[in-house]
1. Inspect all residues belonging to the range 69-86 and state whether any of them is outside any helix (DSSP H, G or I), of a type outside the set (Lys, Arg) and at pLDDT 80 or above.
2. Looking at the range 7-30, can you tell me whether even one residue there is polar (S, T, N, Q) and at pLDDT below 80?
3. Answer yes if at least one residue in the range 32-50 is at pLDDT 85 or above and basic (Lys, Arg), and no otherwise.
4. Kindly list the number of the only condition in (1) touching a residue at least 40 places away in the same chain (Cβ under 8 Å); (2) more than 17 Å from Glu15 (Cα to Cα) that fails for Ala78.
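The values are calculated or read from the model by the stated rules, or taken from the named source; none is laboratory data. Small disclaimer: the values here were computed from a predicted structure and weren't measured. No Cβ is skipped: glycine too gets one built from the backbone with ideal geometry, and neighbour counts run over all protein chains shown.
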Amino acid sequence: MNEPNLQPPMPADAEVGILKGLYKLRPRPTRRSARGSISSEAGPSCAEVLRAQTLLAAQGVAADVWSVTSYSELRRDALSCERWNRLHPASAPSRRG
């Protein structure tokens, strides 16, 4: 766990997502094949997740890579959204995030 790991550079439009708890680290390379997503925590697993994206692409599966910066913020946002939806049943559902 103490080995030096180079982290990929921060995407240009990631500031808001970082503060909210989740941002797209690397989009899928092609839109024409089967699709999926991979989420990753920051740290040592990041390089392995990016490698997995490359391996999946070779098999015809294009996956977005998401970095989770705060599970607490994601939970807080989900609970707030769920509460708003329960208190406003006649309104369009909130899909904040």
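1. Just the residues of the range 69-86 that are outside any helix (DSSP H, G or I), to begin with: 69-70.
Next, from what is left, pick out any that are of a type outside the set (Lys, Arg): 69-70.
With at pLDDT 80 or above added as a condition, the list becomes 69-70.
Looking through the range 69-86, at least one residue is outside any helix (DSSP H, G or I), of a type outside the set (Lys, Arg) and at pLDDT 80 or above.
2. Here is the first cut: in the range 7-30, the residues polar (S, T, N, Q) are 7, 30.
Pick out the ones that are also at pLDDT below 80 and you get 7, 30.
Yes, the range 7-30 contains a residue that is polar (S, T, N, Q) and at pLDDT below 80.
3. Checked the range 32-50: no residue is at pLDDT 85 or above and basic (Lys, Arg).
4. So the condition that Ala78 fails would be (1).
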